[in-house]
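The values are calculated or read from the model by the stated rules, or taken from the named source; none is laboratory data. Not measured: the values here are computed from a predicted model. Positions of Cβ are backbone-derived with ideal geometry, glycine not excepted, and every protein chain shown enters the neighbour counts.
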Amino acid sequence: MDSESPAPKRDFFARGVAALGHLFSLLFLASMGILIFEVVMRYGFNAPTIWVHETTIFLCAVCFVFGGLHTVSRDGHIRIVLVYDQVGARARRGLDIFIHAACGFATGMFSYALAPTVAGSFYTPAGEFRIITSGSAWNPPFPAYLRLFLLIILIAMTLQFLVFVINRIRGG
């Protein structure tokens, strides 16, 4: 039997994520440039920066988080094929619907669980607007931004799984 699942059609959402993936990959290149700048400043001019380390960590974290959505949009998540390979096309379709629905439910629950943390990253318990920061000498608001970005990506992943479920139910 063929061990590959019929790939869902590349819907509009998945094509948009793929296009954004090219832009996000440039952030890795930017991180490399920033790190080279730091090496030159530190060892060439004995003038290290306070912002490079946190900036590169933030940029790479954003890329890795987006990578999850990119993988989902390509239907490239991991499958345990022990059973999947042993069944026919109709059963595989049913398994695909179940797998995508379960993954969508999980990412939806992760989104729900993360939402209060994201809100707490931008507002105090008293309701005043205040963005949390890293607490370093530079003290950027990257932790709050990263949490918000993760929430957005989890919601997008949930929607992508929903699109997959609908497409598979329709026979796609």
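If the condition is being farther than 13 Å from A156 by Cα and either in a loop (DSSP other than H, G, I, E, B) or within 11 Å of the chain's Cα centre (by Cα) (or both), then the stretch 60-73 contributes A61, V62, C63, F64. Of the residues that sit in the stretch 35-60 and are crowded, with 17+ Cβ neighbours inside 10 Å and among the aliphatic types (A, V, I, L, M), which one is farthest from L146 (Cα to Cα)? Step by step, filter the stretch 35-60, then rank; the result is V52. For the stretch 44-59, a residue qualifies if it is without any contact (Cβ under 8 Å) to a residue 24 or more places away in the chain and not in a helix (DSSP H, G or I), and the qualifying residues are F45, N46, A47, P48, T49.
Scanning the stretch 129-172 for residues that are among the charged types (D, E, K, R) and not in a helix (DSSP H, G or I) gives R130, R170.
Filtering the stretch 135-172 to residues that are among the hydroxyl-bearing types (S, T, Y) and more than 20 Å from F64 (Cα to Cα) leaves only S136. Using the structure shown, decide if A102 is surrounded by fewer than 16 Cβ atoms within 10 Å (Cβ to Cβ) and part of a helix (DSSP H, G or I). Here the answer is yes, as A102 does meet what is asked. Among the residues making up the stretch 86-99, those that are exposed (fewer than 13 other Cβ atoms within 10 Å of the Cβ) and in a loop (DSSP other than H, G, I, E, B) are Q86, G88. Give me the residue from the stretch 129-159 that is small (G, A, S) and over 20 Å from D11 (Cβ atoms) and, out of that set, surrounded by the most Cβ atoms within 10 Å (Cβ to Cβ). The residue in question is A144. From the list F149, F122, F110, F161, the lone residue that is in contact with a Leu (Cβ under 6 Å, 6 or more places away or on another chain) and touching a residue at least 24 places away in the same chain (Cβ under 8 Å) is F110.
When A126 is tested against the conditions (1) surrounded by fewer than 14 Cβ atoms within 10 Å (Cβ to Cβ); (2) assigned to a helix (DSSP H, G or I), the lone failure is (2). One residue stands out in the stretch 2-28 among those that are aromatic (F, W, Y) and modelled with pLDDT of 90 or more: the one that is surrounded by the fewest Cβ atoms within 10 Å (Cβ to Cβ), namely F28.
Selection within the stretch 31-59: residues that are of a type in the set (A, V, I, L, M, F, W, C) and within 29 Å of T158 (Cα to Cα). The member of this set that is farthest from the chain's Cα centre (by Cα) is I57.
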